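One structure below.
Where a number appears in this text, it was derived from the coordinates with a stated rule and is not lab data. Owing to the predicted nature of the structure, the values given are computational and were not obtained by experimental measurement. Methodologically, a virtual Cβ is constructed for each residue, glycine included, from the backbone with ideal geometry; neighbour enumeration extends over all protein chains shown.
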Amino acid sequence: MPSLPLNTLTDVWHNTVGKYPGREALVCAGRRHSFRELDRDIARLAGRLQDLGVAPGDRVAVAMPNCLEFYLAYWATLRAGAILAPVNTRLGEREMRYVFDNVAARVIFVHREVMGECAPALPDGPHRIGVEVADTEPFDEALAAGREPDPVAVSTEDVAFIAHTSGTTGVPKGAIMRHADLLFNIKNTVIPFSWRHEDRNLLLVPLFHATGLYSVVPSSAYLGATVVVAPRPDPREVVDLIETPYTERELMLIKVRAVGKEREEMKRMADIFRGRIIDVTDRTYTIELTGDGVKLDAFIDALDRASILETVRTGASGIARGERVLKV
């Protein structure tokens, strides 16, 4: 599929869904979600927002922890042409009340996990969509009632987000971010940090924070990379997320020619890639590797450049292996 002109964040999303529909976009609460799957829910939620009267330029507030529903609300608000106003749920009641009043949202997304902090500050007027929150439209029902959204006209100069400061020296200030600003910020994230399509980016900071809001989520979407969501900054949970093999792990048996100095080079390379040498003859080594495709492809490329590669047998863990013979 040819690339689309990228004038807004919604253009970024549509472009990536068109190119990588089956690619894993989000890992959250142990579940994996492809761009195609998320796009269906985002479209339905955007249609529901429009049915609730949300029009281009309206504000939609989100008071939620890091979760799938926040991610969907993020993109659905933009799809409806509205302005996303994330709420820092760690503010005090006075500051949070000011943020809600300043935003003047037409719809507010809320979540059971933060209602203790948010309830005293919530305004009475806006429609509420909630996750396990009484007296709100349940999030799942909002999705079920949704539809394909009507097209909206949004330009690169239109406002996408209003994110408030913490109000350390006064009341919180609403910082306005246009689509143009966010597209520029994607470049300032991807280029200096060398982000790639194959990356899996851990979202540890709150999604209402600038790092997640302006950088991790839109830059990952631009590249078709995966966001792995940490629901809270708990050290044990973070370590588990880092160590859990969310990518499909592949088992690879590699046979290489190794004579003289090549034997020492082969041992060194196997050590670098944490391979296990399982068979040795006078002229060959057979090495077993497990890992994601990016790591294994890098190892294969290194062997191929050294002109010592013979054959490779590959297969996903637990699946019968196929055989492929690579160029020598």
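Structure values in brief
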{"read-out": "Residues in segment 39-71 reached by a label modelled at I176 [backbone nitrogen below 20 Å; 7 Å Cα→Cβ]", "value": "55-62"}
{"read-out": "Label point distance in nm, K261-V205, each placed 7 Å from Cα along Cα→Cβ", "value": "4.8"}
{"read-out": "Leading residue at positive end of dipole, segment 68-196 (Cβ point charges), from N185, V107, I162", "value": "N185"}
{"read-out": "Residues A29 and L6, FRET efficiency given R0 of 30 Å [Cβ-Cβ distance, rounded to 0.05]", "value": "0.50"}
{"read-out": "Inter-label distance, nm, simple model (7 Å from Cα along the C-beta direction), D234/D101", "value": "3.6"}
{"read-out": "Mean Cβ neighbour count within 10 Å, used as a protection proxy, ranking 37-49, 8-20, 88-100 highest first", "value": "37-49, 8-20, 88-100"}
{"read-out": "Net length gained if the chain between T168 and R94 were fully extended (0.36 nm per residue, minus Cα distance)", "value": "25.4 nm"}
{"read-out": "Cα-based Rg of segment 1-72 normalised by 2.2 N^0.38 Å, two decimals", "value": "1.21"}
{"read-out": "For segment 65-127, with +1 on Lys and Arg beta carbons and -1 on Asp and Glu, the positive-most of N66, A119, T77 along the dipole", "value": "T77"}
{"read-out": "Dipole magnitude (debye, nearest 20) for segment 19-80, charges at Cβ of Lys, Arg, Asp, Glu", "value": "200"}
{"read-out": "Förster radius 41 Å - calculated FRET efficiency between K187 and V280 (Cβ-Cβ, nearest 0.05)", "value": "0.25"}
{"read-out": "5 Å-binned pair-distance histogram of segment 112-202 (Cα, whole percent)", "value": "3, 9, 10, 12, 15, 19, 19, 9, 3, 0"}
{"read-out": "Ranked packing of 123-130, 80-87, 168-175, most packed first, by mean Cβ within 10 Å", "value": "80-87, 123-130, 168-175"}
{"read-out": "Potential extension, S155-R196 segment - 0.36 nm per residue separation minus Cα distance", "value": "12.1 nm"}
{"read-out": "Given charges at beta-carbon only (K, R positive; D, E negative), |dipole| of segment 171-233 in Debye", "value": "120"}
{"read-out": "Sequence-distant residues sharing a close amide H with H127 (under 5 Å, placed H)", "value": "I108"}
